[in-house]
Amino acid sequence: MRCNNILEAIGHTPLVKLHRVTAGCRAQVYVKCDYLNPGGSVKDRVGVAMIDEAERKGFLKPGGTIVEGTSGNTGMGLALVAAVRGYKAVFTMSDKQSKEKVDALKALGAEVIVCPTAVPPEDPRSYHSVVDKLSREIPHAHHPNQYENPANPAAHYRTTAPEIWEETEGKITHFVCGMGTGGTITGVGRFLKEKNPDIRIIGVDPAGSLLYDFFHTGKVGKAETYKVEGIGEDFFPSALDFSVIDDVVRVTDRESFLCARRLARLEGIFAGGSGGSALAGALKVAPTLGERDFMVVFIPDSGSRYLSKLYNNEWMKDNRYVESSVTLTALEIVQAKVSLGQPRDLVTVAPSDSLSTALERMRSQDFSQLPVFEAGAPVGAIYEDAMLNLALEGKDLKKIVVREVMGDAFPVVNPASTFDSVTAFITRDCPAVFVDMGSGHFEILTKYDLVHAIARVVEQPQ
């Protein structure tokens, strides 16, 4: 390809099939490698689109200054435009961003102002507030504001989404993407839904961000700090349109970073932490997919920006993100459980069963919770405490059915899932996972099973 300038090299990034990372998954899983844009991220598309729009509307004129708050990648996209078209560039960033990002922006001639992370957006020290102040004070400044600018999602509607549609030959069934400004998932989601309303658009949000809870409950919680960069928010960008999103999956920093490292080591795809987040979210969805499904996972930026962080072993150890030394897969844990003579019959209830039936079944098996199955698949879970509370309130458990009070189903993993990915699901609120063995057969693994798996590894002679 012959380009008149570096901006013409943006877009048309490859779609690459995953093999080793998704072993055992029945669906085809591909990654959209937008980290191969010339500036190293998806934000090259947005940078050009926002400045093109600003020039058309007369907001930015020759000799002007681009001022933007960024986690680094949008800054790189804008810095490329500034270098080619002769603008000045000033960026504000939070202090959690990697040194590589700051150095890269400076290398392109931009000025970078680093602001504290642990302050709310309205705080005058936040990178959002500082960029607003600079855009007022610097003569001939223009603030593109990627969080509110409709050119952000429009860039993806016009370029990214059509590429994905063409590269998958219209076969895509699931699109998985991290959410920050919301531009990528909104623009791609709108386009794909127009092509096929049945395509599932799945957002991925880091633990600590507000977006997951708001999507699922409609309530605004309290944001907490997290390490992964470029996704998640402590406010709600107008560029993000929840109406095109079918589901949002939450992932932890540890899941994000370990998935990114596995992607590099097993597939040769050098992604940043947010790409690891998208993959971690996709792997939580993958066990529910069939052979006809075609999932595309979006990789927004390059691992080269995180050499001092998630690709630095000492940093990973200091932050307690090291991988477990246990190399067992979910299948091997199930096989070990069976070899010890533990019962294999899965005890379940149906949504239409009464609570009294569920409670009786629990007590006969000495269980405190039961999975709820319908049509051969898990649809929920019922807990003893919830039923006992209803009984204490004077409710007749014979007249209440399981469907009325059941909670979310236990997560489903595939047999090739690593020990680390299985343990990541099991929390105080989620006591078990299912292993989809195929042909409608599920095995269940609890915290007890995992503890015994670790014990067996420790007991093995070295």
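Look at (1) within 30 Å of Glu404 (Cβ to Cβ); (2) not assigned by TED's automatic domain parsing to the domain that holds Gly189; (3) not basic (Lys, Arg) and you find that Val285 fails only one, number (2).
Among the candidates Ala336, Ala264, the residue that is within 20 Å of the chain's Cα centre (by Cα) and either assigned to a helix (DSSP H, G or I) or modelled with pLDDT under 95 (or both) is uniquely Ala264.
Please verify whether region 413-420 includes one or more residues that are among the acidic types (Asp, Glu), more than 22 Å from Val334 (Cβ to Cβ) and either assigned by TED's automatic domain parsing to the domain that holds Leu263 or assigned to a helix (DSSP H, G or I) (or both). Taking every residue of region 413-420 in turn, none turns out to be among the acidic types (Asp, Glu), more than 22 Å from Val334 (Cβ to Cβ) and either assigned by TED's automatic domain parsing to the domain that holds Leu263 or assigned to a helix (DSSP H, G or I) (or both). One residue stands out in region 119-136 among those that are part of a helix (DSSP H, G or I) and charged (D, E, K, R): the one that is nearest to Tyr147 (Cα to Cα), namely Asp132. Tallying residues that are buried (at least 24 other Cβ atoms within 10 Å of the Cβ), within 25 Å of Leu310 (Cβ to Cβ) and β-branched (Val, Ile, Thr) within region 45-98 yields 3. The number of residues in region 31-63 that are more than 30 Å from His19 (Cβ to Cβ) and in contact with a Ser or Thr (Cβ under 7 Å, 6 or more places away or on another chain) comes to 2.
When each of Ser352, Ser368, Ser364 is tested for being exposed (fewer than 15 other Cβ atoms within 10 Å of the Cβ) and within 15 Å of Val401 (Cα to Cα), the lone residue that passes is Ser352. The condition (being modelled with pLDDT of 95 or more, at positive phi and surrounded by 24 or more Cβ atoms within 10 Å (Cβ to Cβ)) is satisfied by just one residue among Gly178, Gly189, Gly182, Gly203: Gly182. Take Ala151 and decide whether it is of a type in the set (Gly, Ala, Ser) and in contact (Cβ under 8 Å) with a residue 40 or more places away in the chain. Against the criterion (of a type in the set (Gly, Ala, Ser) and in contact (Cβ under 8 Å) with a residue 40 or more places away in the chain), Ala151 qualifies.
Contact map, region 181-209: first residue basic (Lys, Arg), second residue not in a strand (DSSP E or B), Cβ cut-off under 7 Å, separation 6 or more or different chains; pairs are Arg190/Tyr157; Arg190/Val244; Lys193/Ile199; Lys193/Val244; Lys195/Trp165; Lys195/Gly170; Arg200/Thr173; Arg200/Asp246.
Kindly indicate whether any position in region 106-123 is hydrophobic (A, V, I, L, M, F, W, C) and under 18 Å from Met50 (Cα atoms). Checked region 106-123: at least one residue is hydrophobic (A, V, I, L, M, F, W, C) and under 18 Å from Met50 (Cα atoms). Here's a check for you: in region 283-314, which residue that is part of a helix (DSSP H, G or I) and of a type in the set (S, T, N, Q) is surrounded by the most Cβ atoms within 10 Å (Cβ to Cβ)? Ranking the candidates gives Thr288 first. For region 211-258, the set of residues classified as farther than 23 Å from Lys309 by Cβ and among the hydrophobic types (A, V, I, L, M, F, W, C) consists of Phe214, Phe215, Val220, Phe235, Phe236, Ala239, Leu240, Phe242, Val244, Ile245, Val248, listed by residue number. For region 407-440, the set of residues classified as closer than 17 Å to Gln369 by Cα and of a type in the set (A, V, I, L, M) consists of Ala409, Val412, Ile426, Ala432, Val433, listed by residue number.
The values are calculated or read from the model by the stated rules, or taken from the named source; none is laboratory data. As the structure is a computational prediction, the values presented were derived from the model and not from experiment. Here Cβ is always computed from backbone atoms with ideal geometry, including for glycine, and neighbour counts include all displayed protein chains.
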